[in-house]
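The values are calculated or read from the model by the stated rules, or taken from the named source; none is laboratory data. Keep in mind it's a predicted model, so treat the numbers as computed, not measured. In this analysis, Cβ positions are derived from the backbone assuming ideal geometry, glycine residues included, and neighbour counts consider all displayed protein chains.
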Amino acid sequence: MKVTMKDIAKKLNVSINAVSIALNDKPGVSDEMRLLILKTADEMGYINEKRKYLSVFSKSNIAIMMQSYYADTGHFYSIVLRSIVEEAKSLGYFSIMNYFDDSNMELPECIVDRKVAGIVIVGKISDMNLNQLKQTGIPIVLVDFTSLYDSCDCVLTHNKQGGYMISDYVIQKGYRKIGFFGDLNYSLSFQDRFIGYKEALINHQIINDYFDDEYIKKYSFLENIEKYIINNQIDEVVKILKSKELPDVLICANDSNAFAVIKALVQMGLRVPIDIGVTGFDDTPLCEKFIPPLTTVQVQKEAMGKEAVARLVDRIQRKDYPKKTELLSVKIIERASVK
């Protein structure tokens, strides 16, 4: 049995006229009601039956895409996502959340059916999958990730600045044996944070130049790490830390790494920060509650979501405008994990 406007109106307890106004993109109903009517019409299969309303429907939706890994690990992206959804709603857009596996991505139905005006990709995505999405012609904005393969609109944290600032901070505290802990193959963000760390060491004449690797090799842990962080395998982190001489402080690539490192150090019988200092990056909610509370670099998570939506709306309206990368500044949050 075919769905009618009367069916939609009855389900929402509104007039048939209100449903018609919303579907035809005419003034007379609130943005919130318009989104609700369009969403309900789509869920009931009406949009697919009446393809003439598809273009109206697509103007009211944005797709959010994120690797399922981030959702499974309680990543700080939850704050970014909430900000995206709230900002999109305030501008009259309904958000459709899509999780994907980067090793085997299938285009979401809403994108295949062209029921969205734009796409926000949160976190890492392979160049191959990004290219597949770009071929749809739907505007895309990347959040906390950039592609070296092709130009895209991006909203990023100034990771290099953060890596420099937190390293400079511990140097000012008197630390001289300073290591970096983070899998550089895991993300460009980690690589940028590591570059900032190295620049601070150079500027303070702790190392001579970028090619002075002896100090880095002695005190840093840079590969084959992230799989153990993801799976919370603290025993493996202990093995990694025991593989070389420990520095006086470890600059961790993100808070998750820092939490794992502190757990491993405690398991090794060491005290933070008395025996060794530890810092993080992101300022996730757990930082305040952790023992000891974590000194970290605060990322503008809510601003990241808002800026992503603003950039996407601008791209929807001006498709030929030059691509833009926006860097959001950071600041250090001092807590008790550093002497």
Quiz item: On the given criteria, is Asn131 outside any helix (DSSP H, G or I) and not basic (Lys, Arg)?
Solution: no
Quiz item: Right, Ile262: β-branched (Val, Ile, Thr), in the same structural domain as Tyr219 (by TED's automatic domain parsing) and crowded, with 24+ Cβ neighbours inside 10 Å or not?
Solution: yes
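Residue-by-condition table, conditions (1) assigned to a loop (DSSP other than H, G, I, E, B); (2) crowded, with 22+ Cβ neighbours inside 10 Å; (3) hydrophobic (A, V, I, L, M, F, W, C):
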| residue | (1), (2), (3) |
| --- | --- |
| Met66 | no, yes, yes |
| Val80 | no, yes, yes |
| Met97 | no, no, yes |
| Asp102 | yes, no, no |
Practice problem: Mind telling me which of the residues Ile240, Ile262 ends up being farther than 23 Å from Lys173 by Cα and at pLDDT 95 or above? | Solution: Ile240
Quiz item: Given the conditions (1) at pLDDT below 95; (2) of a type outside the set (Lys, Arg); (3) touching a strand residue (DSSP E or B) at 6+ places or on another chain (Cβ under 9 Å), and given that Leu148 satisfies all but one, which numbered condition is not satisfied?
Solution: (3)
Quiz item: In the stretch 288-303, which residues are surrounded by fewer than 21 Cβ atoms within 10 Å (Cβ to Cβ) and either among the β-branched types (Val, Ile, Thr) or touching a Leu at 6+ places or on another chain (Cβ under 9 Å) (or both)?
Solution: Glu288, Ile291, Gln300, Ala303
Quiz item: Quick one: which helices (runs of 4 or more DSSP H) sit completely within the stretch 248-339 and have at least 3 residues that are of a type outside the set (Phe, Trp, Tyr) and over 20 Å from Leu81 (Cβ atoms)?
Solution: 255-267
Quiz prompt | Test result for Ile274, hydrophobic (A, V, I, L, M, F, W, C), more than 23 Å from the chain's Cα centre (by Cα), farther than 16 Å from Val170 by Cα and in the same structural domain as Ile216 (by TED's automatic domain parsing) | solution = no
Quiz item: Would it be correct to say that Tyr197 is touching a Pro at 6+ places or on another chain (Cβ under 6 Å), buried (at least 18 other Cβ atoms within 10 Å of the Cβ) and within 18 Å of Lys177 (Cβ to Cβ)?
Solution: no
Quiz item: Hey, among Lys306, Lys339, Lys227, which residue is modelled with pLDDT under 95, surrounded by fewer than 23 Cβ atoms within 10 Å (Cβ to Cβ) and outside the structural domain of Gly196 (by TED's automatic domain parsing)?
Solution: Lys339
Quiz item: From Leu188, Leu156, which residue is aliphatic (A, V, I, L, M), surrounded by fewer than 17 Cβ atoms within 10 Å (Cβ to Cβ), in contact (Cβ under 8 Å) with a residue 40 or more places away in the chain and in contact with a helix residue (DSSP H, G or I) (Cβ under 9 Å, 6 or more places away or on another chain)?
Solution: Leu188
Practice problem: Filter the stretch 193-224 for residues that are under 19 Å from Asp282 (Cα atoms) and modelled with pLDDT under 95 and give the result. | Solution: none
Quiz prompt | Residue pairs meeting the criteria (Cβ under 8 Å; at least 6 apart or on separate chains; first under 17 Å from Ile96 (Cβ atoms), in the stretch 18-41; second among the aromatic types (Phe, Trp, Tyr) and not in a helix (DSSP H, G or I)) | solution = Leu35/Tyr93; Leu35/Phe94; Leu38/Phe94; Lys39/Phe94
Self-check item: Candidate set: the stretch 1-60, residues that are within 18 Å of Ser95 (Cβ to Cβ) and basic (Lys, Arg); chosen: the one modelled with the lowest pLDDT
Solution: Lys59
Self-check item: Selection status of Asp282, on the phi > 0 side of the Ramachandran plot, in contact with an Asp or Glu (Cβ under 7 Å, 6 or more places away or on another chain) and buried (at least 16 other Cβ atoms within 10 Å of the Cβ)
Solution: yes
Quiz item: If we scan the stretch 106-125, do we find a residue that is outside any helix (DSSP H, G or I) and without any contact (Cβ under 8 Å) to a residue 12 or more places away in the chain?
Solution: yes
